[in-house]
Structure formats: C-alpha cells, structure tokens
1. Report the antiparallel proportion of the DSSP beta bridges in the stretch 1-92 as a percent, rounded to a multiple of 5.
2. Can you sort 311, 192, 201, 306 so the residue with the fewest Cβ neighbours within 10 Å comes first?
3. Taking amide H positions as placed 1.01 Å from N in the peptide plane, with prolines and chain starts having none, which residues 5 or more places from residue 65, or on another chain, fall under 5 Å of its amide H?
4. Would you mind calculating the relative contact order of the chain from Cα pairs under 8 angstrom and at least 6 residues apart, reporting the percent as a whole number?
5. Which whole-number percent is the relative contact order of the stretch 158-333 (Cα, under 8 Å, 6+ apart)?
6. For a Förster distance of 35 Å, can you work out the FRET efficiency between the beta-carbons of residue 148 and residue 68, rounded to the nearest 0.05?
7. Using label points projected 7 Å from each Cα along Cα→Cβ, tell me how many nm separate residue 79 and residue 130, to one decimal.
8. Please report the net charge: other residues with Cβ closer than 11 Å to the Cβ of residue 325, K and R +1, D and E -1.
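Nothing in this text is a laboratory measurement; each read-out follows from the coordinates by a stated rule. Source: prediction; values computed, not measured. We place every Cβ from the backbone using ideal geometry, glycine too, and count neighbours over all the protein chains shown.
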Amino acid sequence: MQIINSEIKKILCIKPRGIGDVVLSTIVLENLRAHFTNAKIDFLTEDFVKPSIDGIPLINKVLTMRKSEFPLKVANRIRKEKYDLIFDFWSNPRSALITFLSFTEYRVGFNYRGRSFAYNFKVDVGRGEHHSAEHNLELLKALDVKIISKNIYAFVDNKKNEWAENFISDNFSNDTPVIGIIPSGGWESKRCDAEKWVEICKLLKKELDIQLMIIWGPGDELDAQLISNGLPDSSFLSPKTSISEMSALINNCSLIIANDSGPMHISAALGIPTLGLFGPTDPKKHGPYSENSNYVIKSDLHCIICNKLTCPYNHECMKELPIDEVLMKAKNMLNIIPEIDEKY
C-alpha cells in the first residue's frame, strides 16, 4: 500500500491516557508536520488529559472521549471528521476497535496480539525496547517518516501562567530559586513516602539557598499535608490545583523534584530541570525526557523496578532512597557550585 504524502490532509493521533503517556506521545508532532506538509494533526484523548496538550501550536484540535464510552460512538465522531490517516499510539483492544470502526483509509498501529485486524500498517516491536516516548516513533517508521526531532510538548495557558507568576511573586522571594516538590503518582508504589520527602527537603534547605513549594492536585491531599506538617517553617503549600494550574506553577519553578508521574513528564516537556524519584519503574524507559533532567533510584535493591502497583515488602525503594544523591543532582541541575573546604 502506497501513501502519497501530499494527499494526506487530516491526521488523527490516538492516545487516550494517562497524562504522562499523552505528553510523551507529542514526540511525533514535529516529525509528522515535516513529512505530511499539507496535513492538520488532531489528537484523540480522554477528557481529563485535554488541558495538558490543547493549545500546543502543532496540534489543530483535541477530540475527547470518556473512558467508558462505547467504541462505536467514538468511531462515529471520528468518521465525521474525515481523516485520511490514523496513528493508534495506544493500540489496546479498545483503541484498536475504534480505529477499525472509523473506516479511515490508512490506519497504523502496533501488531499486538488480537489487534492486527484494525490496521493496514502494522508495526512489530516490543513494548520495552525503547524509552516510552521513543516507542511512539516506531509507528512513524512504518510510513518512512524521517525522525528529525525528539522534542515533547505540554501546554500552559497564558492566563494560568500569569496567575502562577503572581502567586509565586506574592509568596516567594524573587532572588532565590524555587524548587517544586510534587508527591503525585498514579500507583501507590511510585509515591515516595511523605516522611522521606520531609527528609529530602530538610537536607535541601540545610545545604542550599532555596525555597520549597509543595505542588499538589486531586489525590495528593494527604501526602502534601504530611510533607507540609513536617516542614512547618521551611516550605509553602500551594492551593489545590487543576492540571492546568499545576502546569503553570511548574512552569515558574527553577527545579522540579517529582515521583514518576504525569506532572514529572509535563515538567520535562516544559523545559524545566526535572529530577525524578524512581523505584518500581525503570527510569531508562520512563524517566523525565529532556536534556536537563535526571533521576535517582536505589539500584542495588533485589526488588528494584518490580513494576508492582503496591509494594509487597516495606517500600524500601523509596524509604531507602539515597538523599545525598538527590542533593548532589539538585545542585548540578541548579548550577550551584559546592563550596570548597578551606583546609583543602
């Protein structure tokens, strides 16, 4: 099957969830724009993810669907848009069915078991062979799309960014770096324990001239409050934020330290220096994806990178996280030169 690039006018990228996965999938945008020069690029995702990418200039429109929405109903909406080409970057049974029922002429997806019926361009590649951002590029290779960029994107609304600027200006000194602490995490096992966060933050405050802001959203209430309680005089607890507000606060920090989470990936996509705390997931595959990012992991544990949603032990991967390494990497990312002891 041969595709004439100039005849492709509308492209749909399907990536329903989660926030981090969708942000990482934006790695395809510059490459698609350069290859299909006459095409507009739309995204299909779930409602809660839309604010993270809606407004990115390379995206024409963001379509949404509900997690439980009947696939035929979603496919009917897609058919009305008259797409020429669909990339199903999710390629799970539901998104495969939606892609198939759209009856779009060209359909590209991963050749996972039981889903090959949905696509006329199928890609055979293992799920764990690449960073999860670069995994999306494998579908582009099926159409000989040249990979010219590996940039990822997230969106911050101008009004929300102005609100964040004012919030930080009102509550922090302008001449001291603000480090954002984000305790979010989709799995229980990915969340660094509040007590460990307090230990990390106390070391940062002791060794560095910085200010700390605990940034939190739905589901983070308990951890955020526990961290704040443990740092009564040395941190500032942000108000509860939506994903748009959280992105704006992130965009105005000097450094973000976060669990493996959607906000961590948003931070990297916005170009903010990002330090990820890892345990059950592999930072080489899921770490913050930008040149000015890094991660900390206790790699010598027998159970490290277990990929379990809940820890069957005592959460040693987080409770024993090397905080000196967090400090060292934070210093490097803030370009702080350690003082040299005079006796040397």
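1. 0
2. Starting with the residue having the fewest Cβ neighbours, the order is 306, 311, 201, 192.
3. Here 45, 46, 47 satisfy the definition.
4. For the chain, the relative contact order is 15 percent.
5. 24
6. Step by step, r from the Cβ atoms, then E = 0.35.
7. Roughly 3.2 nm, to one decimal.
8. With Lys, Arg at +1 and Asp, Glu at -1, the neighbours total +2.
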